[in-house]
Amino acid sequence: MKVVGVIGGPKTDGNTYKLVRAVLDGALEAGHTVVTWRLRDVFIGQIGYFEEKVLFPLDDFDKMQPDLESMGALVLGAPIWYGHVDTRTFNFINRTYYYSKYYNEENAEKWPSAQPVNIISYGRTEPDAYDGVLDWLDGVWSGYGMKKSINLAAPDTSNNPVESNKELLKQAKEIGRNL
């Protein structure tokens, strides 16, 4: 199975990256093929709307499409900024509208019924502080006919970086092994 990792946020080696990487490492150990997309390294533009038409930007989303259309699992990692996913991740999610049945039935058939894994990292200490964001992500993926999301939240990463939380990293790797 192909597991596609999509990593939001601007940091090269940040908390979100480390958690997504742990899931992908577990998937590799289980014998899956892994593809990683770092949103900081591609340009994902904003969708426009003019004269009753959806306008897709000229961006790098088309480079990602073959991997997205052939995935068996999607591992999406996003830092939480101001109460929601970072802007790179938000643009990526909006850009998947290309596969929405409301936009185009033919395109919708190209999006696989894959297993979504949503990973969020944030500075607040409450483990359930952004359960609403995870519910929103699950709703997005459900709208594309994907399976029920597997979620992993990493609170308090400002004071407790992911690399110091061995149990969380172990949990992430186990998610990847069980895909």
query = For Rg and Dmax of the Cα atoms in Å, which listed value, [x] 17.0, 52; [y] 15.8, 52; [z] 17.4, 65, comes from the coordinates shown?
reply = [y]
message = Only counting other Cβ atoms within 10 Å, I'd like ILE120, ILE175 sorted with the fewest neighbours first.
response = ILE175, ILE120
Surrounding net charge for LYS170, when Lys and Arg each add one and Asp and Glu each subtract one, Cβ distance under 13 Å = -1
task = Could you grab the relative contact order for the chain? Cα pairs under 8 Å, six or more apart, rounded to a whole percent.
result = 29 percent
message = With the crude spin-label approximation of a point 7 Å out along Cα→Cβ, what separation in nm comes out for ASP13 versus TRP81?
response = 2.2 nm
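ASP156: net charge of surrounding residues, Cβ under 14 Å, Lys/Arg +1, Asp/Glu -1, itself excluded?
-3
If the only charges are +1 at each Lys and Arg Cβ and -1 at each Asp and Glu Cβ, what is the size of the charge dipole of the chain around the Cα centre, to the nearest 20 debye?
The dipole of the chain has a size of about 400 debye.
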message = Distance cut-off 32 Å, Cα to Cα: go down the list LYS11/LYS101; LYS18/LYS63; LYS53/LYS173; LYS110/LYS166; LYS11/LYS170 and report the pairs above it.
response = LYS11/LYS101; LYS53/LYS173; LYS110/LYS166
message = If each DSSP helix of 4+ residues adds -39,500 (n - 2.57) and the sum is divided by the residues in the chain, what number results at 222 nm, nearest 500 deg cm²/dmol?
response = -10500 deg cm²/dmol
query = Arranged by the count of other C-beta atoms within 10 angstrom, fewest first, what order do SER121, SER142 take?
reply = SER142, SER121
request  = Report the antiparallel proportion of the DSSP beta bridges in the chain as a percent, rounded to a multiple of 5.
outcome  = 20 percent
inquiry  = Which one, ALA73, ALA30, ALA114, has the greatest fluctuation when you compute a Gaussian network model over the chain with C-alpha springs under 10 angstrom?
reply    = ALA30
task = Using label points projected 7 Å from each Cα along Cα→Cβ, tell me how many nm separate LEU28 and GLU126, to one decimal.
result = 3.7 nm
Highest-MSF residue in the chain out of GLU52, GLU126, GLU163 [GNM, Cα springs under 10 Å] = GLU52
ask   = Which loop-located chymotrypsin sites (Phe, Trp or Tyr not before Pro) does region 61-127 contain, where loop means any DSSP state but H, G, I, E or B and the Cβ has at most 12 other Cβ atoms within 10 Å?
value = TYR82, TYR102
request  = Specify the inter-centroid distance of region 47-95 and region 106-169, based on alpha-carbon positions, in whole Å.
outcome  = 15 Å
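Which order results if THR87, THR33, THR16, THR125 are arranged by neighbouring Cβ count within 10 Å, fewest first?
Details: THR87 17, THR33 14, THR16 27, THR125 11.
So the ranking, lowest neighbour count to highest, is THR125, THR33, THR87, THR16.
Bear in mind these aren't lab numbers, they're just calculated from the coordinates by the rules spelled out. The structure displayed is predicted, hence computed values, not measured ones. Backbone-built Cβ (ideal geometry, glycine too); neighbour counts: all protein chains shown.
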